[in-house]
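A short worksheet on the structure shown next.
The numbers here are math on the coordinates, done by the rules we state, and not lab data. Fair warning: this is a prediction, and the values are worked out from it, not measured in the lab. Because the Cβ atoms are built from the backbone with ideal geometry, glycine has one as well, and the counts that use them run over all protein chains shown.
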Amino acid sequence: MKSEKICIVIPAYNAGSTVHQVVTGALKHVSKIIVADDGSEDNTAEVASQAGAEVIPIDRNQGKGHALKLLFEKAIEDGYEAVISMDADAQHDPDDIPNFINTHEKYPEDLIVGSRMHEKDKIPRGRYNSMHIARFFISLAANQFIEDTQCGYRLYPLSLIKKLHLTSDRYVTETEILIKTGDSGATIRPVRISTIYGETNVSHFRPLLDIDAITGYVISYLWVKWLIEGVSSNRPYTYTPHNFRDWVGDRKFINGRFMVFTWLTIFPMLIFYFLEYHLLSFFIKNNFASIRRMNRGFLPVFFSAYMLLVLLPLGILDLSLRTIGLNVNFMDPFIKMFYPDLWEQED
């Protein structure tokens, strides 16, 4: 039976060759599909409409984050309880939709995120490693382990979205939602989905620019979060709408310079936080509450951050040795050692 309280939202850019199959596949499980045509230069809007979707036209390409925010607004206006976001490039299997709906019925207040991490062999090695590292730091900011922080196949309760003030754009928005959801005390729950990578899946993700933007946002968020937690007692959740980080995010000129500043100062600040963690705890009970609740101490976090400086030369060494015929793999055990699930109970 189709859910009448949930609709599918699809940000789409130049997806004329794939959006038809995505829309028709999703319509087997829900009655309403809304596609945001993000300034496409092909026939995306026409194809999506013919397939049965309602289309929101965007005059010029403004990125996935902007499209998602418009889709959230439309779904809220139409009275939906939740939305499931899908990519337009056929990377998400519509037959996984019932898994999201069933999980939502059990946990209606939780943000539900698709996870591909159980099918490691289907994910390109470099992509898997970057996903592994990203989830470590995003999970820290979100106060909980998130299996797959880079998957856009998600179910968003709109009651949750209404509580968040979103200031970022493009691919950063999905990371911002995860962090602010977790750092406001809500639960992020995984659902296993099919892992689809292929030549027909054309991604508009810009590896250098978008990874840099996401990393900058995560660093700037943790910079502020730990500054607050260091001088607060029993405060693991630091996000409130329109707080200092949101104020900065609303002012693009200031935001860009603030992210550069936090980039440049994060390593000396980590030393400062480490000292605060150990010394101020005599005066401020349970400061850094989000770190203390993991029962691992600040040291694993400290080392994991500094080991980022080793990743690039290690990756270059790995690649160079394989190029001359040596079958080596330094990266995988290194990442497994320094970027674990800190919330997993130790034996």
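Numbers at a glance
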read-out: Over 16 Å [Cα-Cα, region 246-323], rounded percent; value: 67
read-out: From the C-alpha gyration tensor of region 118-191, square roots of 5λ in Å; value: 22, 12, 12
read-out: Rounded to 5, percent antiparallel among DSSP beta bridges of region 6-204; value: 25
read-out: Cα long-axis angle, helix 308-323 against the chain (0 to 90 degrees, to the nearest 10); value: 70
read-out: Over region 171-328, volume per residue of the alpha carbon convex hull, in Å³; value: 176
read-out: Nearest-ten-degree value, helix 207-230 long axis tilted from longest Cα axis of the chain; value: 50
read-out: Beta bridge orientation in the chain: antiparallel %, DSSP, nearest 5; value: 25
read-out: Cross-link pairs 106/162; 162/225; 64/162; 5/180; 252/285 - those with Cα-Cα distance over 30 Å; value: 252/285
read-out: 10 Å beta-carbon shell around residue 147, net charge (K/R +1, D/E -1); value: +2
read-out: Hits among aspartates and glutamates - C-alpha to C-alpha of residue 122 under 15 Å, sequence gap 8 or more where chains match; value: 93, 148, 199
read-out: Alpha-carbon Rg with Dmax, taken over region 6-204, Å; value: 15.6, 43
read-out: Region 1-139 - charge dipole about Cα centre, Lys and Arg +1 at Cβ, Asp and Glu -1, debye rounded to 20; value: 560
read-out: Per-peptide average of other Cβ atoms within 10 Å, ordering 224-234, 52-62 highest first; value: 224-234, 52-62
read-out: Rule-of-thumb Rg ratio for the chain [Cα; 2.2 N^0.38 Å; N residues]; value: 1.02
read-out: Within a Gaussian network of the chain (alpha carbon springs, distance under 10 Å), most fluctuating of 292, 154, 116; value: 292
read-out: Between 0 and 90°, nearest 10: helix 125-142 axis offset from the chain longest Cα axis; value: 70
read-out: Top positive-direction residue, dipole computed over region 261-347 with Cβ charges, set 328, 272, 313; value: 272
